[in-house]
Amino acid sequence: MGQLGIKEIEAKMHDWDFLKYLPRNINGFNLIKGTGIKGKVLNIAAYVNEPMHSRVDLIYMAETDDYVPVKTIGLHNFFDERFFCRDRKKFADMMLHYLPNIIGDVDRNQKHPLGYEMMGIDFSSWKYWTKFPQRIEGYELFLTPDNPVKYINGSVLFLDYTDFNYGNQIVFMYNTFRDELFAELKKKHIPLTTERFDARNLSDLEKLMDTQLEATLRELSRQ
């Protein structure tokens, strides 16, 4: 039997018991219906906490024939690579079991211990960031080092300033593989690279932030 097309998979969702068993709410995240097909992606369902700017989407990707959860926290969205699956029943079973944990990863009310991979740097004793204002013009201090988030490719998100109205952002990361600190930008949701905050330790990063953080935010805000 050949592989089902994405439209056939969408049509069969009406008979998928998995969707009937999904809880309406998990720890403040509300279940919403899938938004259907966009390009080669079928959005099956999502758990959303709008005030927290966080969500988890369950999707099917026709290009790779995979089901996978997609995490969103602030302007960051990324696959949870642990749960890529081509078997629909197995994916449903995993989601019914692990959804509370997956949602917990993007829940800002939960602390996210990072364990051994963070031994190269100690954010718990880094007090420099606590002097930062909650807002700089239209930017909100969203992610903070007291509750960092595991990201992709060995990187950890530990601080960002985000303008949710315009999709502008600076985010600071630590890469556990390279033992490096760096930043990335978004302007109108489009990712941009920068080397101006590349640092080997927190002390060096502080000096760069002192001289360039606010100027960088102003540059991003320019039309």
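Would you mind pulling out the separation of the Cα centroids of region 3-75 and region 140-157, in Å?
Result: 24 Å between the Cα centres.
Can you pull out the chymotrypsin sites (Phe, Trp or Tyr not before Pro) in region 152-212 whose DSSP state is coil and whose Cβ has at most 12 other Cβ atoms within 10 Å?
Values: sites: Phe158, Tyr161, Phe164, Tyr166, Phe172, Tyr174, Phe177, Phe182, Phe197; in loops: Phe164, Tyr166, Phe177, Phe197.
Within region 152-212, the qualifying chymotrypsin sites (Phe, Trp or Tyr not before Pro) (loop, at most 12 other Cβ atoms within 10 Å) are Phe177.
Taking the Cα centre of the chain as origin, work out the dipole magnitude from +1 charges on Lys and Arg Cβ and -1 charges on Asp and Glu Cβ, in debye rounded to 20. Numbers along the way, then the final one.
On the way: 29 positive and 32 negative charges, 114 e Å.
Computed about the Cα centre, the dipole is about 540 debye.
Please calculate the 1.4 Å probe accessible area of Arg218, with all protein chains present, and give it to the nearest 10 Å².
We get 110 Å² for Arg218.
Rounded to whole Hz and in sequence order, give me ³J(HN,Hα) for region 162-167 from the Karplus expression 6.51 cos²θ - 1.76 cosθ + 1.60, θ = phi - 60°, writing x for Gly and Pro.
Once θ is set to phi - 60°, the couplings for region 162-167 become 10, 9, 5, 5, 10, x Hz.
Go through region 9-23 residue by residue and turn each phi into a ³J(HN,Hα) via Karplus (6.51, -1.76, 1.60, θ = phi - 60°); whole Hz please, and just put x for glycine and proline.
Each residue's phi maps through the Karplus curve to give 5, 4, 4, 7, 5, 4, 9, 8, 4, 3, 5, 6, 8, 5, x Hz.
Going Cα to Cα from Lys40, which lysines come in below 28 Å? Please leave out same-chain ones fewer than 8 positions away.
Answer for Lys40, where 28 Å is the Cα cut-off: Lys7, Lys12, Lys20, Lys71, Lys89, Lys90, Lys150, Lys186, Lys187, Lys188, listed by chain and number.
Between Cys85 and residues 5 or more places away or on another chain, which pairs have amide H atoms under 5 Å apart, with H built 1.01 Å from N, and which residues are they?
For Cys85, whose amide H was placed from the backbone, the distant partners under 5 Å are Tyr67.
Is region 108-211 rounded, prolate or oblate when judged by the Cα gyration tensor, a ≥ b ≥ c being the square roots of its eigenvalues, rounded requiring a/c under 1.5 and prolate requiring a/b larger than b/c? Intermediate values should be presented prior to the final figure.
Numbers: a/c = 1.38, a/b = 1.33, b/c = 1.04.
Here region 108-211 falls in the rounded category.
Positive end of the charge dipole of region 78-223 (Lys, Arg +1 and Asp, Glu -1 on Cβ, about the Cα centre): tell me which of Thr216, Phe197, Leu96 has its Cα farthest that way.
Value: Leu96.
In whole Hz and in residue order, list the ³J(HN,Hα) couplings for region 205-222 that follow from phi through the Karplus curve 6.51 cos²θ - 1.76 cosθ + 1.60, θ = phi - 60°; x for Gly and Pro.
Computed from phi, the couplings for region 205-222 are 5, 4, 4, 5, 5, 4, 9, 10, 4, 5, 5, 5, 5, 5, 4, 5, 6, 5 Hz.
Write down the Å³ per residue value for the convex hull defined by the alpha carbon atoms of the chain. Mind showing how you got there, number by number?
Details: hull volume 31.5 nm³, N = 223.
That works out to 141 Å³ per residue.
The values are calculated or read from the model by the stated rules, or taken from the named source; none is laboratory data. The structure presented is a predicted model; accordingly, all values stated were derived computationally and were not measured. Neighbour counts are summed over all protein chains in view; Cβ atoms, including those assigned to glycine, are modelled from backbone coordinates with ideal geometry. Remember, those area values only see protein heavy atoms, side chains included, never the ligands or the DNA or RNA. Shrake-Rupley method; radii C 1.70, N 1.55, O 1.52, S 1.80 Å.
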